[in-house]
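In what follows, a structure is listed as structure tokens, so that the remarks can point back to it.
The values are calculated or read from the model by the stated rules, or taken from the named source; none is laboratory data. Everything quoted here is computed from the prediction, not taken from an experiment. We place every Cβ from the backbone using ideal geometry, glycine too, and count neighbours over all the protein chains shown.
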Amino acid sequence: MRSAKQYLSSLNDGRSIYINGEVVHDVTKHHAFRNVATSMSSLFDFASAPDNRDLMTFEYEGGGRANRIWQLPASYAELVERRKALEAWASLHAGFMGRAPDHVASCIAGMYMGLDVFKAYDPKRADALASYYRYARDNDLYLTYVIINPQADRSKGAAEQADPFLTAGVVDQDAEGITIRGAKMLATGGVVADEVFVTTIQPMRPGEERYAMSFAIPMNTKGLKMLSRKSYEDAAVSVFDNPLSSRFDENDSVLYFDDVKVPWDRVFIEGSVEMCQKQFHATPCHVYQNYQAMVRLSVKLKFLTGLAHRTAEMNGVTQFPQVREMLGQLAAETGMVDALVAAMEAKGSQVGPYFVPHRHTLYAAQVLTQQLYGHVLSTLRELAGGGMIMLPSSIADFGNPEIAALIGKTQQSPKANSHDRVKFYKLAWDAVGSEFGSRHQQYEMFYAGATFVTKGHSYRTYDWAASDALVQRMLDSYDLDGVSAAAGKAA
């Protein structure tokens, strides 16, 4: 288990990050990334704290202890124990770090649970995956991933683009490994991650084998370049003015592989279009990584529902029937997501020696929450009205006695003084209306794929046979001559 100090020290490793036309030499000190690096480090301090040993760590075969994000639950009880650890971590950032270390760890752990699928494909690649899982677990690594291609011309596949290496693909291979050239997206959290898992989740066609690879490398690998989007942390005035975006902007980057050499012991798939899909869907990988996302989202929705209730209190309207109706609706929706997470666990099943959450319940939750998140934000806006907009320009206003006195008169609430009212609404706006908040709305809509993708997963995993059997039983219970004898006996 790493401490915050050890984690932060590891980030100063010579990685290549580009933002605002310049190269970042140390993310722990750069004004665009230092706060998120510190926030991420607090997760490691929390997980390694002696008081949190039972909550955040587990003992694996051989007697070692590791972060529960790498746990391979063998039972329902162990799955619940792991979930409690994920919830505790998510509570530290209210669910706003969508790609904190527990996400891709869940992905790699799920792949490892399906090691037999990799053995059937290639025993050497299976050995590489098994070794990497143990290495990441034992070194308490933080991984991000890039699993989708640059959009470019979306009517064409990767091999049909004007530049065949717009999308990252294998340009060469030898006895030492493979050489990768091209770009992948989105590397959320990549600027502060230790390593990156690179593959493709999008369906591929025959002829696209050069893009069918799966591997993991350190972020400071020679030739790997991170092209960061605008930093919301950099644009934040202060923690008081932007309490979320100043600390929890995990950032997103395009990764460009400038002839990056990947050794064979880090390669899990090479050249198999079919296996790139199997690594997600023929193993527990896709379920585990998205189950983690739903645990995180359940925490985030509780936070947003708390914002809604506090907004009503701040405005003194909690006794209004129409306000209670809105809050009751939010409470029901948040409770539904919480119940769906519990149902994924309760309806889970053994897959070999491991206990895996229920697939269709997971995908049902994804479909519903993609539609739900925007509604929650809309409700928050409706409850707040202009309260989130008409706020002091910045914390500096409180430093001017004349302005501070006017703030005291104009920022009034029956439940809080002017300072606490402004502080609260600054938080609410950052969650809902700031550029950071807007990015999170887009993120929650698409992190699991477009809506047709999640609905496709729901269709694919639903028990249609059971529903059809109910229909057929009813059809069999009557005919032209009335109720059938078989139906009468059954009754």
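Take the conditions (1) in the same structural domain as Ser458 (by TED's automatic domain parsing); (2) under 30 Å from Thr199 (Cα atoms); (3) among the polar types (S, T, N, Q); Gln277 misses just one of them, which is (1).
Of all residues in the range 151-175, those satisfying the criterion of being more than 30 Å from the chain's Cα centre (by Cα) and of a type in the set (Gly, Ala, Ser) are Ala162, Ala175. Among the residues of the range 352-373, is any under 19 Å from the mean Cα position of the chain (by Cα), within 22 Å of Ala74 (Cα to Cα) and either exposed (fewer than 15 other Cβ atoms within 10 Å of the Cβ) or modelled with pLDDT under 95 (or both)? The answer is no, given that none of the residues of the range 352-373 is under 19 Å from the mean Cα position of the chain (by Cα), within 22 Å of Ala74 (Cα to Cα) and either exposed (fewer than 15 other Cβ atoms within 10 Å of the Cβ) or modelled with pLDDT under 95 (or both). The set of residues in the range 148-172 that are out of contact with any helix residue (DSSP H, G or I) (no Cβ under 9 Å at 6 or more places or on another chain) and in a strand (DSSP E or B) comprises Ile148, Asp172. Within the range 12-43, if we keep just the residues that are part of a loop (DSSP other than H, G, I, E, B) and of a type in the set (Val, Ile, Thr), the residue that is farthest from Thr57 (Cα to Cα) turns out to be Val27.
Of all residue pairs spaced 6 or more apart or on separate chains, those with beta-carbon atoms under 6 Å, a first member in the range 415-435 that is free of Cβ contacts under 8 Å to residues at least 40 places away in the same chain and closer than 17 Å to Ser245 by Cβ and a second member that is among the polar types (S, T, N, Q) and surrounded by fewer than 23 Cβ atoms within 10 Å (Cβ to Cβ) are Val422/Gln411. Out of Lys415, Lys423, one residue alone is out of contact with any helix residue (DSSP H, G or I) (no Cβ under 7 Å at 6 or more places or on another chain) and of a type in the set (Lys, Arg). It is Lys423.
Residues that are among the β-branched types (Val, Ile, Thr) and touching a Pro at 6+ places or on another chain (Cβ under 9 Å) within the range 254-300 comprise Val254, Val273, Val287, listed in sequence order. Scanning for something more than 26 Å from Asn220 (Cα to Cα), among the basic types (Lys, Arg) and surrounded by fewer than 19 Cβ atoms within 10 Å (Cβ to Cβ), does the range 51-67 turn up at least one residue? Yes, the range 51-67 contains at least one residue that is more than 26 Å from Asn220 (Cα to Cα), among the basic types (Lys, Arg) and surrounded by fewer than 19 Cβ atoms within 10 Å (Cβ to Cβ). Tell me whether the range 260-280 contains one or more residues that are within 18 Å of the chain's Cα centre (by Cα) and of a type outside the set (S, T, N, Q). Yes, there is a match, as at least one residue in the range 260-280 is within 18 Å of the chain's Cα centre (by Cα) and of a type outside the set (S, T, N, Q). Note on the range 378-429: among residues that are among the β-branched types (Val, Ile, Thr) and not in a loop (DSSP other than H, G, I, E, B), the one that is farthest from Leu330 (Cα to Cα) is Ile403.
Does the range 392-407 hold any residues that are within 24 Å of Ser246 (Cα to Cα) and not aromatic (Phe, Trp, Tyr), and which are they? Selection gives Pro392, Ser393, Ser394, Ile395, Ala396, Asp397, Gly399, Asn400, Ala404, Ile407. Here is the figure for the range 44-86: residues that are part of a helix (DSSP H, G or I), charged (D, E, K, R) and in contact with a Ser or Thr (Cβ under 8 Å, 6 or more places away or on another chain) total 2. Quick one: is Tyr459 assigned by TED's automatic domain parsing to the domain that holds Leu406 and touching a residue at least 40 places away in the same chain (Cβ under 8 Å)? Judged against the criteria, Tyr459 is not a match.
Among helices (runs of 4 or more DSSP H) entirely within the range 430-479, having at least 1 residues that are at pLDDT 95 or above and farther than 27 Å from His375 by Cβ singles out 464-476. When Ala450, Ala431, Ala384 are checked against the criterion of being closer than 28 Å to Met294 by Cβ, of a type in the set (A, V, I, L, M, F, W, C) and surrounded by fewer than 12 Cβ atoms within 10 Å (Cβ to Cβ), a single residue qualifies: Ala450. Residues in the range 439-482 that are within 18 Å of the chain's Cα centre (by Cα) and polar (S, T, N, Q): Gln441, Gln442, Thr451, Thr454.
When every residue of the range 113-120 is checked against the conditions, none turns out to be in contact (Cβ under 8 Å) with a residue 40 or more places away in the chain, of a type in the set (Gly, Ala, Ser) and assigned to a helix (DSSP H, G or I).
Among the numbered conditions (1) touching a Phe, Trp or Tyr at 6+ places or on another chain (Cβ under 9 Å); (2) crowded, with 16+ Cβ neighbours inside 10 Å; (3) closer than 27 Å to Asp338 by Cα, the only one that Ser349 does not meet is (2). The set of residues in the range 155-214 being touching a residue at least 24 places away in the same chain (Cβ under 8 Å) and among the hydroxyl-bearing types (Ser, Thr, Tyr) consists of Thr167, Thr179, Thr188, Thr199, Thr200, Tyr211, Ser214.
Residue by residue, here is whether (1) in contact (Cβ under 8 Å) with a residue 24 or more places away in the chain; (2) of a type in the set (A, V, I, L, M, F, W, C); (3) touching a strand residue (DSSP E or B) at 6+ places or on another chain (Cβ under 6 Å) holds:
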residue: Phe46; (1), (2), (3): yes, yes, no
residue: Leu72; (1), (2), (3): yes, yes, yes
residue: Arg82; (1), (2), (3): yes, no, no
residue: Arg134; (1), (2), (3): no, no, no
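In the list Arg99, Arg125, which residue meets the criterion of being part of a helix (DSSP H, G or I), touching a strand residue (DSSP E or B) at 6+ places or on another chain (Cβ under 9 Å) and either in the same structural domain as Val299 (by TED's automatic domain parsing) or charged (D, E, K, R) (or both)? Exactly one of Arg99, Arg125 is part of a helix (DSSP H, G or I), touching a strand residue (DSSP E or B) at 6+ places or on another chain (Cβ under 9 Å) and either in the same structural domain as Val299 (by TED's automatic domain parsing) or charged (D, E, K, R) (or both), namely Arg125.
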